[in-house]
């Protein structure tokens, strides 16, 4: 295994036990996220779940929403809306940059 893979936030480096320990949750919590299709970990050759850092960040966000009293369905909806908002903000920034680049010097009137 190349150590560069560990720098990749999407590389599935963590077992369920390691992920649960890092997040201070039960392994059953992570399995429930997989069952609900909120978080789809990769599978090892032996069929065991493997989590990436990006997936751990998502699981941590879901845990916060649960702790705040949200249901699984509402947590999924909130995360979906946050993703949509982030994508929309990225598009707005790109369009602003594009407009700023195409705007010529101000017209001289006189």
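Nothing in this text is a laboratory measurement; each read-out follows from the coordinates by a stated rule. These numbers were taken from a predicted model, which means no experiment stands behind them. We place every Cβ from the backbone using ideal geometry, glycine too, and count neighbours over all the protein chains shown.
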Between residue 44 and residue 10, what length in nm is gained on full extension when 0.36 nm per residue of separation is reduced by their alpha carbon distance? 10.8 nm
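To the nearest 0.05, what FRET efficiency results for residue 95 and residue 37 with a Förster distance of 30 Å applied to their C-beta separation?
Working: r = 32 Å, r/R0 = 1.08.
Working from the Cβ atoms, E equals 0.40.
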By how many degrees, 0 to 90 and rounded to 10, does the Cα axis of helix 72-102 deviate from the longest principal axis of the chain? 30 degrees
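Using helices alone, I'd like the mean residue ellipticity at 222 nm for the chain: each DSSP H run of four-plus residues gives -39500 (n - 2.57), total over residue count, nearest 500. Intermediate results must be reported in sequence, preceding the final value.
Values: 4 runs with 63 residues, N = 110.
Computed ellipticity for the chain at 222 nm equals -19000 deg cm²/dmol.
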Taking r as the C-beta separation of residue 18 and residue 66 and R0 as 22 Å, the FRET efficiency to the nearest 0.05 is 0.60
Considering Cα pairs under 8 angstrom that are at least six residues apart, work out the relative contact order of the range 9-99 and quote it in whole percent. 28 percent
Roughly what angle does helix 53-67 make with the longest principal axis of the chain, taking Cα atoms, 0 to 90 degrees, to the nearest 10? 80 degrees
If you wrap a convex hull around the C-alpha atoms of the range 9-99 and split its volume per residue, what is the figure in Å³? 111 Å³
